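This report concerns only the one structure given below.
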Number of protein chains: 2
Amino acid sequence: MHPFTKRRSDSVAALGEQRLIAAIRGWLGTASLPAPFGIGDDCAVIAPARDRQLLTVDPVIYGRHFDATVPPAAVGAKLLKRNLSDIAAMGGRPTAAVIALTLDPCVSLAWLEGFYRGLAACARRYRVPIVGGDVAEARGALAASLTVLGAVTALRAVTRAGARLGDWIYITGKLGGSLRSGHHLTFRPRLAEGAWFARRPEVRAMMDISDGLAKDLWSLTPKVGRLVPKTPRSTPPTIVPALNPKALPRRRGASLRDALCDGEDYELVVALDRKTNRAAFERAWRRAFPQVPLTCIGRFVRPRDLPPDAIRLSDYHGYEHLG
Amino acid sequence: MHPFTKRRSDSVAALGEQRLIAAIRGWLGTASLPAPFGIGDDCAVIAPARDRQLLTVDPVIYGRHFDATVPPAAVGAKLLKRNLSDIAAMGGRPTAAVIALTLDPCVSLAWLEGFYRGLAACARRYRVPIVGGDVAEARGALAASLTVLGAVTALRAVTRAGARLGDWIYITGKLGGSLRSGHHLTFRPRLAEGAWFARRPEVRAMMDISDGLAKDLWSLTPKVGRLVPKTPRSTPPTIVPALNPKALPRRRGASLRDALCDGEDYELVVALDRKTNRAAFERAWRRAFPQVPLTCIGRFVRPRDLPPDAIRLSDYHGYEHLG
């Protein structure tokens, strides 16, 4: 469905602001809450939080993250799921969300209804109330930015920092070909999996893969060799990921390059303490998530210890914004 | 300063994503925090919250909320202050913010630096850490959406609901001519004032005035006559604001129409319990905020009790988005 219409009567301009906001409330339905806990006051009021919280924001932009070929409901769901993937990557659960919509007056009401209904269905599925938002006008634009508040589910939030020399690198699911296969719309954010990792002390670091493993993995790679504390003033050895090209689980039809460089995988990558009993860890995973592959794809090593057949990551690049 | 440049070397495209994010961290400086409490992980990690929280989102959009005549630092400050005005309107204090930036690759680096430095200076002034964000590309766009998390400062969040028949209507400051006078850039969000109102039980409802009093006041107006509980099934009498045109404090050069219809006042309007000792209330205000006018501009009445000289609010309209 094309998001823009030339017939004023079919456009958001025909409703005007007040009736548009009333319509949005209707479309969100039970995915929102009555004011002041939902839409309709200066701020949404949210319950106290006993545990540490998480906050993240991600947009969808017409011409960038979706086009006229994507059903509007899928765009709404994707907006939420992209953010949930970030919450999952810390081992958290979502608690509330607010949406900032920017649109041209020519945006089609039918498109917008589909978008909000898709967002609402997804919000109900993942139990994230949409508690507020803003609607603003901008010529030629159609974009929505969602902010999700979350809570840690374990004793800790799992960050990107914490991996060490020798740690094992594991990923969930398969990589590559997300756009071609429709995975970028149909994916399930790894919330349960992320929460499971957060409860396992042997998981030292975690992130989600959204711009391609070849780019994202550098954020998980230890910056210095932390196993040499006795020589703190010597130049620390650099550490690199040694990835086994045969181990990398690829989506059907995806080449090695696709698996490394394509964006929008929305899988989790974790660093596992090198001293972990990996067989026991993998058995526990299979009991918890029998349907979801978990694969050891390599480990963090010193450059001189790179096996000759390891992937030369510098030959690959992930998705570069503003390229 | 014009936000767009034709010279690639002066544009954000010259930096690319990674170096741009590093630059943004530098510009934000101490207004941000190291990951995971600030920029640099999948989510920002935020302290637990003992009290109820507030969540709000508002954007600034090029061509809508600012143009090339506004200094970029003022745009950054305005983005934060608009949101702080919403936090103030609930009687809250801000605790953290995340920013979603959408920009064309031709946006000038110098402009963006000014914007972020202005945002950072304002964030330090109001003690709101900028804990995360997102940067996305969109052709022809320059927009930023800020989400602010807050906490209630009193035992309650003051909502728009709660006003009753006979309640007095008070506003802070003066109204009208915000764009002409530069008030839309120089205003101080009424955080201290909002927190003060929240601690006064006689304040029954509160909101900020951002789209013009003539439009916004309807949100504070009681929907039914709550003073007639004995006849619950009879049609409840409508209630209207009776505003005294002579009492309305106007900014220098602002007409009555300007004071009612111009947007971006960012003042607070409250409903005060009709049984309040108003002289004592006003004295307490003057002790707390000797520099800030607080004016009784009218009260909520039944239509048949409207004084003949009351402002006919239906003759005026505030700022209509998507008009």
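The values are calculated or read from the model by the stated rules, or taken from the named source; none is laboratory data. The structure presented is a predicted model; accordingly, all values stated were derived computationally and were not measured. Please note: Cβ atoms are built from the backbone with ideal geometry, for glycine as well, and neighbour counts cover all protein chains shown.
Which of the residues that make up the stretch B:8-23 are among the aliphatic types (A, V, I, L, M) and surrounded by fewer than 22 Cβ atoms within 10 Å (Cβ to Cβ)?
Passing the criteria: B:Ala13, B:Ala14, B:Leu15, B:Leu20, B:Ile21, B:Ala22, B:Ala23.
If you check A:Gly150, A:Gly166, A:Gly194, which single one turns out to be farther than 30 Å from B:Pro59 by Cβ and at pLDDT 95 or above?
Only one candidate qualifies: A:Gly166.
Looking at the stretch A:300-323, which of its residues are surrounded by fewer than 13 Cβ atoms within 10 Å (Cβ to Cβ), out of contact with any helix residue (DSSP H, G or I) (no Cβ under 7 Å at 6 or more places or on another chain) and assigned to a loop (DSSP other than H, G, I, E, B)?
If the condition is that a residue be surrounded by fewer than 13 Cβ atoms within 10 Å (Cβ to Cβ), out of contact with any helix residue (DSSP H, G or I) (no Cβ under 7 Å at 6 or more places or on another chain) and assigned to a loop (DSSP other than H, G, I, E, B), then A:Pro307, A:Pro308, A:Asp309, A:Arg312 are the ones that fit.
In the stretch B:50-74, which residues are touching a residue at least 40 places away in the same chain (Cβ under 8 Å), among the hydroxyl-bearing types (Ser, Thr, Tyr) and more than 7 Å from every other protein chain (Cβ to nearest Cβ)?
B:Tyr62
Scanning the stretch A:137-148 for residues that are touching a residue at least 60 places away in the same chain (Cβ under 8 Å) and not β-branched (Val, Ile, Thr), which turns out nearest to A:Pro94 (Cα to Cα)?
Going through the qualifying residues, I end up with A:Leu146.
Being under 22 Å from the mean Cα position of the chain (by Cα) and part of a helix (DSSP H, G or I) narrows it down to one of B:Val70, B:Val75, B:Val60, so name that one.
Answer to the selection: B:Val75.
Please enumerate the residues belonging to the stretch B:133-149 that are within 21 Å of the chain's Cα centre (by Cα) and not aliphatic (A, V, I, L, M).
Correct list: B:Gly133, B:Ser145, B:Thr147.
Residue-by-condition table, conditions (1) within 28 Å of the chain's Cα centre (by Cα); (2) acidic (Asp, Glu); (3) away from chain A (no Cβ under 12 Å):
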position: B:Pro3; (1), (2), (3): yes, no, yes
position: B:Ser9; (1), (2), (3): no, no, yes
position: B:Glu17; (1), (2), (3): no, yes, no
position: B:Cys43; (1), (2), (3): yes, no, no
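Give the residues of the stretch A:32-41 that are crowded, with 21+ Cβ neighbours inside 10 Å and facing another protein chain (nearest Cβ under 7 Å), sorted by residue number.
Within the stretch A:32-41, A:Pro36, A:Asp41 meet the criteria.
Of these, A:Ala121, A:Ala97, A:Ala89, which one is among the hydrophobic types (A, V, I, L, M, F, W, C), within 15 Å of the chain's Cα centre (by Cα) and under 19 Å from A:Leu33 (Cβ atoms)?
Sole residue among the options that is among the hydrophobic types (A, V, I, L, M, F, W, C), within 15 Å of the chain's Cα centre (by Cα) and under 19 Å from A:Leu33 (Cβ atoms): A:Ala97.
If you scan the stretch A:82-123, which residues turn out to be more than 7 Å from chain B (Cβ to nearest Cβ) and in a loop (DSSP other than H, G, I, E, B)?
A:Gly91, A:Asp104, A:Cys106
If you scan the stretch B:114-123, which residues turn out to be surrounded by fewer than 24 Cβ atoms within 10 Å (Cβ to Cβ) and within 13 Å of B:His2 (Cα to Cα)?
B:Gly114 - this is the single residue of the stretch B:114-123 that is surrounded by fewer than 24 Cβ atoms within 10 Å (Cβ to Cβ) and within 13 Å of B:His2 (Cα to Cα).
All but one of (1) assigned to a strand (DSSP E or B); (2) more than 7 Å from chain A (Cβ to nearest Cβ) hold for B:Ser145; which doesn't?
(2)
With the requirement that a residue be in contact (Cβ under 8 Å) with a residue 40 or more places away in the chain, within 19 Å of B:Phe66 (Cβ to Cβ) and either touching an Asp or Glu at 6+ places or on another chain (Cβ under 8 Å) or assigned to a loop (DSSP other than H, G, I, E, B) (or both), what does the stretch B:149-192 give you?
Of everything in the stretch B:149-192, those that are in contact (Cβ under 8 Å) with a residue 40 or more places away in the chain, within 19 Å of B:Phe66 (Cβ to Cβ) and either touching an Asp or Glu at 6+ places or on another chain (Cβ under 8 Å) or assigned to a loop (DSSP other than H, G, I, E, B) (or both) turn out to be B:Gly177, B:Ser178, B:Leu179, B:His183, B:His184, B:Phe187, B:Arg188, B:Pro189.
Quickly run through the stretch B:276-299 and pick out the residues that are free of Cβ contacts under 8 Å to residues at least 24 places away in the same chain and either at positive phi or not in a helix (DSSP H, G or I) (or both).
Once the filter is applied, which keeps residues that are free of Cβ contacts under 8 Å to residues at least 24 places away in the same chain and either at positive phi or not in a helix (DSSP H, G or I) (or both), the stretch B:276-299 yields B:Asn277, B:Pro290, B:Gln291.
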